[in-house]
Structure formats: C-alpha cells, structure tokens
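To keep things clear, I will list the structure first and then write my remarks on it.
The values are calculated or read from the model by the stated rules, or taken from the named source; none is laboratory data. These figures come from a predicted structure and were not determined experimentally. Note that we place each Cβ from the backbone using ideal geometry, even for glycine, and neighbour counts take in every protein chain shown. For accessibility, only protein heavy atoms count, side chains too; no ligands or nucleic acids. Shrake-Rupley method; radii C 1.70, N 1.55, O 1.52, S 1.80 Å.
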Amino acid sequence: MELFNVLTVQQARETLKAHLPARTKEEIVPLLYGLNRILSRDITARDDVPGFDRSTMDGYAVRARDTFGATESLPAYLDVTGEVMMGQEAAGPLGAGQAWVIPTGGMLPPGADAVVMVEYTEELDQHTIGVTKPVAPGDHLVRRGEDVAAGSVVLQAGHRLRPQDIGLLAAVGVTQVPVLEPLRVGILSTGNELIEPEQPTTPGKVRDINSYTLYGQVVEAGGIPTLYGIIEDHFDSLRNAVVKALAENDMVLISGGSSVGARDATAKVIETLGSPGVLFHGMAIKPGKPTIGAVVEGKPLFGLPGHPVSAMVVFDLLARPIVESAGLHRPRRIFPLRAAITRNIHSATGRDDFLRVTLRRREDGALVADPVLGKSGLISTMVKADGVAHIPLTKEGVEAGELVDVWLF
C-alpha cells in the first residue's frame, strides 16, 4: 500500500463498503425498547387491522341505498332497531330500512355498509330517525384490514423504528422486535507525549483529548464505546492493544500514528493483523489527510490523525455512517443546511475542505455562516463552532455571500 495515494471521501466510502459484510448480528428487545433501533428481519402482520368493519363517526349504521335521495326537505325515514355497544360485537344483522346507533370505533352490524353522521339526522321519536343527507357505501367507516392486511409485511429489515412504527407493531400484536446489535467500538490513543486527563502537565506532555471526543461521538452515533487507554509509540505494544480491541469489538479507532513519520507504526501494525488490511492511507480532505482506512477479517479499523479537529471530522465522514447503520439512536443529521459564507475562503482543487463555522440569522432572515479560523490541533475551535461547511473538491474556494452546505454538530 503506497502511503498518501489519496482517495476522495466518496472513493474511501465505496472502498470500505466493498470489503465490509452486511451486519447481521441481532438481538430481541421488548417493543418499547425498540425506538430508533434498526430491524434485522421483516415484520409480518398476524391479524387484520382493524379486525372488523368499524365506524369513524358517532351516528347510525345504515344500508347506504336506504339514504339515496335524502334531503333536508325530504328526509329518508329509518327505523332504529338496535345499538352497537363499544368494545362489543354487534348483536345481530341490520335489515332494509333500518338503522343502528353506533359510536366512533364501534363494530358495524352485518348488512350495514355506511354510517350517517348524527349531525345529518333528526329524531322523530325513540324508534325513528330522518336522514337529511345521503351516504355512499364505505362512508365514515374503516373496512376490516384496510389499515393492515394479515400476512402482509408491515416493516422491512433495515427500517429504523420511529414512534409511529412502534404504534403499528402494537396494532398487529408484536411485543418483541428483532433488531441489529449496535456496534461495539474500541478506542485507542497513541503517542509518547500523551497523558491521562487527571495527570498534571509537564513540558512535552499533553492530555489525551481524542479518546474522549471519539467516545462521545460513538455514543452519539448509537455505538457502544470502550476506551483502551494510551498506547506508547512502540510496534509490539500497539499491536497487542489493537489485537485485544479487535477481538472485543466490531470496530476499532486508533487516534494518532497515522502520518508517515518514522515512528508512526499504525499502518505497519494493521498490515500484520489480517485480510485485507490497509485499504487506503491518505484522503483528499482538509483536515484529515493522513487517515488510514482498513478492514481486518470483516471489521473496520481506522487510523485517525492525532489532531483533535482532524480526528473528529474523519470520524464523521467515515466511521459515523457505519456506526449509525446499526445504531441505538436516531442519526444526528440527514441533510445539511444551506448558509451564506461571510468571507472569502481559499481551497485547493482536488480536495474536500471542511471549515468550522458558527451560524446566525441576519435581520432579513438569511442564514449565514461565519468561519471559525484556527489550526486542526485546537479543540476550542470545535467548541466554538456549530458545524462544518463543506467546500467541494471541484472548487478553488468560495466567495463571501456564496451558499455552502453546513453539517451541524
């Protein structure tokens, strides 16, 4: 694998996808715990929904033909011969010229094919009504199986469950749902300069940032992260830690050690772990160029740059979509916002640039993006920003006032 034979974001995603098997690990969870989870199998309805013809209005169950031609000046007169009780089966059939009192949700008696709203009737006596507006067959009722037919697939594998989906599954009697297991993600940071957050800093030492930002990003994407601590810049130490993390997780993130310096062993370690190994080393992006993308025995493994901004941006571009594909939570974002950039920004063609920005609305209601300038090693720039603006690789930059896509954090 030639170092820095860079790929575009799209090429990197396609390369990873070609080597990653479809996720099939599943677990069965109670219906109420299924919200935002992704179905691992199709769900088929056992029963019709509703299971009987039912009224959608308070009124009278009738034969529609008995109301044809009815007007306020010449009502259709019907005999009231029964009443549907809520939650009970209709006690008998409805005959010609008859009407049954029925509540919203009540079961239509056999023979009825429509419901007259109570507003369009007048009571002559306790046993007779006049219908002042005709109805057609099917008016003001829901037929058996009209919502869901027994035996039909109500939700397909791969569907992320929303509140309305939970209600649908309850309607068809599903109380347990098969869902994909969320990805378990191991996180390692490399570098002899790193120390834990609780340790005091000394000259040449910096506290580990990336383990904590990546942990938060994995949780936010619906994965289950595990921290494996700081690993020294040593081939055997790093290899042993990565082997352990791969055995215990579905994905591994290695922060630092992805550049081409003599002491950066990440790529060399990955190449010893299994097939196919390193798929690319270098991406046509800023920040994040020295990214490593690999697959080891069906598990994705990423060597992320050590700079905090770069690591976070690359996670969002490559790792987040994989975690979200089986995640516990609803994806954080689906579409970018469009905002006018407020200053000229230069960008090299052939490279996707991701610029930190804050968002605000002008008095005229227009959404604008103010660049947050700073080096990729400065975590405070990510804290100040609301998201990143994308400058496509086909452009040499953007001019003030030009619309850009902004992906929110």
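Arrange the peptides 14-20, 93-99 so that the one whose residues have, on average, the most other Cβ atoms within 10 Å appears first.
Going by the mean number of other Cβ atoms within 10 Å, highest first, we get 93-99, 14-20.
Ranked highest first by the average count of other Cβ atoms within 10 Å around their residues, in what order do 303-312, 356-365, 188-197 fall?
The densest-packed peptide leads the list: 303-312, 188-197, 356-365.
Taking 8 Å as the Cα distance limit and 6 or more residues as the minimum spacing, I'd like the relative contact order of the chain as a percentage.
17
Please report the antiparallel percentage of DSSP beta bridges with both residues in the chain, rounded to the nearest 5.
Restricted to the chain, the bridges split so that about 70 percent are antiparallel.
Amide H of R207: which non-local residues (sequence gap of 5 or more, or other chain) have their own amide H closer than 5 Å, using H built in the peptide plane?
Placed amide hydrogens put I195 under 5 Å from R207.
Determine the per residue accessible area of the range 114-263 with all protein chains present and a 1.4 angstrom probe, expressed in square angstrom.
That works out to 48 Å² per residue.
When the Cα centres of the range 43-68 and the range 300-366 are compared, how far apart do they sit, in Å?
Here the two parts' Cα centres lie 51 Å apart.
With everything on Cα atoms, drop me the angle between helix 9-19 and the longest principal axis of the chain, reported from 0 to 90° to the nearest 10.
80
Setting aside same-chain residues fewer than 8 positions from K25, which aspartates and glutamates have a Cα under 17 Å from its Cα?
By straight Cα distance, K25 reaches D42, E181, E248, D250, E297, E324.
On the accessible surface of the range 60-194, probed at 1.4 Å, how many percent belong to carbon and sulfur atoms?
Carbon and sulfur atoms account for 50 percent of the accessible area of the range 60-194.
What is the antiparallel percent of DSSP beta bridges lying wholly in the range 73-199, to the nearest 5?
Antiparallel bridges make up about 65 percent of those DSSP assigns within the range 73-199.
If you put +1 on each Lys and Arg Cβ and -1 on each Asp and Glu Cβ, how big is the dipole of the chain around its Cα centre, in Debye rounded to 20?
1840
Normalised by the number of residues in the range 109-256, what is the relative contact order in percent for Cα pairs under 8 Å and 6+ residues apart?
Normalised by residue count, the contact order of the range 109-256 is 23 percent.
List the residues whose amide H sits under 5 Å from the amide H of F280, counting only those 5 or more places along or on another chain, with H placed 1.01 Å from N in the peptide plane.
G293
Per DSSP H run of n ≥ 4, the term is -39500 (n - 2.57); total these for the chain, divide by its residue number, and report the mean residue ellipticity at 222 nm rounded to 500 deg cm²/dmol.
Taking each H run of at least 4 residues, the total per residue is -4500 deg cm²/dmol.
At a 10 angstrom cut-off on C-beta neighbours, averaged per residue, how do the peptides 52-62, 211-221 rank from highest to lowest?
52-62, 211-221
Using a probe radius of 1.4 Å on heavy atoms only, what accessible surface per residue do you get for the range 291-409? Whole Å² is fine.
Each residue of the range 291-409 exposes 46 Å² on average to a 1.4 Å probe.
What are the ³J(HN,Hα) couplings of the range 144-158, residue after residue, when phi is run through the Karplus curve with 6.51, -1.76, 1.60 and θ = phi - 60°? Round to Hz, x for glycine and proline.
4, x, 5, 7, 9, 9, 4, x, 7, 7, 8, 9, 9, 4, x
Please list, in chain and number order, the residues 5+ apart from I231 or on another chain whose amide H is under 5 Å from its amide H, with Hs placed from the backbone.
Residues meeting the criterion, in which the H sits 1.01 Å from N, are S189, T190, G191.
In sequence order, what are the phi-derived ³J(HN,Hα) couplings for the range 28-41 according to the Karplus relation 6.51 cos²θ - 1.76 cosθ + 1.60 with θ = phi - 60°, rounded to whole Hz, with x for glycine and proline?
9, 10, x, 3, 5, 9, x, 4, 6, 7, 10, 5, 9, 9
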